1. Would you check which residues across the range 499-542 are under 38 Å from the mean Cα position of the chain (by Cα) and free of Cβ contacts under 8 Å to residues at least 24 places away in the same chain and list them?
2. Picking from LEU56, LEU44, which residue would you name as being buried (at least 16 other Cβ atoms within 10 Å of the Cβ), closer than 23 Å to ALA262 by Cβ and either basic (Lys, Arg) or more than 11 Å from the ligand (Cβ to nearest atom) (or both)?
3. State all residues of the range 226-251 that are closer than 18 Å to THR69 by Cα, touching a Phe, Trp or Tyr at 6+ places or on another chain (Cβ under 9 Å) and assigned to a strand (DSSP E or B); if no residue qualifies, say none.
4. Restricting the first residue to the range 114-127 and requiring it to be of a type in the set (D, E, K, R), which pairs with a second residue that is more than 8 Å from the ligand (Cβ to nearest atom) and at pLDDT below 95 meet a Cβ separation below 8 Å and a spacing of at least six or different chains?
5. If ARG340 satisfies every condition in (1) surrounded by 14 or more Cβ atoms within 10 Å (Cβ to Cβ); (2) more than 26 Å from ALA649 (Cα to Cα) but one, which is the exception?
6. Name, by its number, the condition in (1) under 42 Å from the mean Cα position of the chain (by Cα); (2) over 24 Å from ILE148 (Cα atoms) that does not hold for ASP65.
7. Which of the residues that make up the range 356-385 are of a type in the set (Asp, Glu), modelled with pLDDT of 85 or more and not in a strand (DSSP E or B)?
8. Starting from the range 90-108, take each residue that is more than 24 Å from TYR19 (Cβ to Cβ) and list its partners that are of a type in the set (Lys, Arg) and more than 13 Å from the ligand (Cβ to nearest atom), counting only C-beta distances under 9 angstrom and pairs at least six apart or across chains.
Amino acid sequence: MTDAIRFLMCAPDHYDVDYVINPWMEGNIHKSSRDRAADQWHKLHHVIKDHAIVDLVAPEKGWPDMVFTANAGLVLGTNVVLSRFLHPERQGEEPYFKAWFEANGYTVYELPSDLPFEGAGDALFDREGRWLWAGYGFRTELDSHPMIAKWLDTEVLSLRLVDNRFYHLDTCFCPLKGGYLLYYPPAFDAYSNHLIERRVPAEKRIAIAEADAVNFACNAVNINEIVIMNNASAGLKQRLADVGFTVIETPLTEFLKAGGAAKCLTLRTTEPVLADVHARVTVQTRTIQMQGHLLDAGILNRALDLVVERGGSFKVLNFNLGVERQSTSIAEVRVSAPDRDVMEDIMTDLIELGAVDRPTEERDAVLEPVLLAGVGPDDFYVTTIYPTEVRINGQWVRVQGQRMDGAIAVLDTPTGPVARCKLLRDLTTDEKVVVGAQGLRTVRKVDERTKQTRAEEFSFMGSGVSSERRVELVVEQIAWELRHIRDQGGKVVVTAGPVVIHTGGSQHLARLIREGYVQALLGGNAIAVHDMEQAMMGTSLGVDMKQGVPVHGGHRHHLKIINTVRRHGSIAQFVEAGQLQRGVMYECVKHQVPFCLAGSIRDDGPLPDTEMDLLKAQSEYARLLEGADMILMLSTMLHSIGVGNMTPAGVKMVCVDINPAVVTKLSDRGSIESVGVVTDVGLFLSLLVKQLDQLTNPYATAV
Ligand code: ARG
């Protein structure tokens, strides 16, 4: 009888729903009938006995879920990995199952007590024995997979469960004879679905609909050509019949109330052992270190959440809490991911949060050559706004020209390797580019707390998007900061949209420029056009700025302005000719504040100053942004996004827009230096100017 198929079952003498540890149990406490459960169990027992041998483990009082022997452990040959239940409600079953396995001659492997694994509920052999599918995400910890692979000497493929109704792998996944697979794809994350599709050819995948899934159609016992389950739709039965399987339905509704059905009630103890299958795991583990105000700044939470959201898992190995307000904490965290790709994704994000990948401290970054100018290698590391260092030949090299959405290009020079953030289009074939996330670290300032008071106040503003009530307070602080920067000879760059003019902000912005608060202006064709239209004709896009009503023929005004400036050759020449005497552009020319007008998609000009070559305009933006201490983004989403991408962390940014979505998008750089203000930009500028006046002459308004 050595090649007979055997199952382990446990009679439902003490079965009941006594607690809630999965969504099916909710509302079902003590709602199942023991008689009906016994009847259903016996029918299942009977059906299985027709096709295989059933061994029994004695039920134990007080352990109602012991009927679900799938969760006893995972058997291969004479080895068994015993379950480590996640929930205390089931942990008491462990010794009984262990005793049964030992009494029956198995070698029992036990995981560390803090590493949950729920046996064959979460681990299903390919029916041909080629590999083991192992689930994680709810009951089983990813870190158990490598140990299972080692003990059972098999290849483990990790699948992440994402729908809590399908908390065990066997509730939504059932390998069938001949390499077929019955499964419910939405229960898995995208990576796992990919993996399934790579291993199981399309013609062997039987994806089921939700209606069958919630009837536990995947929780089936497959014995050769027979598939035993609680219930299947006619369509599903037909699909299975088409590929040679016969469905036997046997109602298990009483057990559904506890979140289990046919497969859960059985443990297959004879799995095919193939001589040429050996331990193999793709699970990757890294240890990272993080240092900083991990708790106060919420960095540790963000890091740990991110690991799980991306499909990994973690264990905090060490946490050294900084006890004083000023002192920083240090955490050492072990991060696991089902494979290299997921790990790279997680690490890329963790590095952005300032984590250091400890083992890579001893490993260089991986560099790949640029084969085609302007095109990076596939896995190129996408840069962030944070100061970054790359490990090359054992040395940490600081990346120059830090910006977002670039690649790190490395060039060998006689004085050593030089690393630069470069846009894809600027990559040249003599360079190499960093791929993956190894040998990289970002330098997060840890001294944010200890900086002088004003900076702290600025960070207070950074705590979110300000709405009406807070606008004045925020304006006060920005005014203070602007003054400070001007007095120190610093640099403020303004990027502004035409709304600044339409909302009456022109005179205020002009004044900021005149009084030396602005060192560069970035915008498009429109802000300049409407600013000059207003200065010359009193309208902005044909609307009278005093009356607030469109003037007759006003829609032609801006074209007249464009034409006039074109005749003069440039805005500067227009000013020199004495024609333009006020406004934003006038002040820029008068006070030698450089400006860049980047393009126009409207075919109404453009001004001679407008740079229509967008690549040139982008480099001019970048040049004007160099060394900025603060950037004011005034009602222009796209110019602001461009500016944000070009700017490294550490530069203060103030984004003003009437649309909260724009403000949130722009101020969410994950850095405390950016602040969003949701308000009318004209109003904002008038408040700002008023506040600056107050700082200059505090008693003026009291008169
Ligand atoms: N009430 C049990 C639990 O939540 C049901 C187990 C079902 N078993 C299974 N292999 N899916 O643990």
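The values are calculated or read from the model by the stated rules, or taken from the named source; none is laboratory data. Since this is a predicted model, take the numbers as computed values, not measurements. Note that each Cβ is placed from the backbone with ideal geometry, even for glycine, and that neighbours are counted across all protein chains shown.
1. none
2. LEU44
3. Correct list: MET229 only.
4. From the range 114-127, the pairs are ARG127/PRO272.
5. It fails just one condition, (1).
6. The one condition ASP65 does not meet is (2).
7. ASP364, ASP378, ASP379, listed by residue number.
8. Pairs found: VAL108/LYS98.
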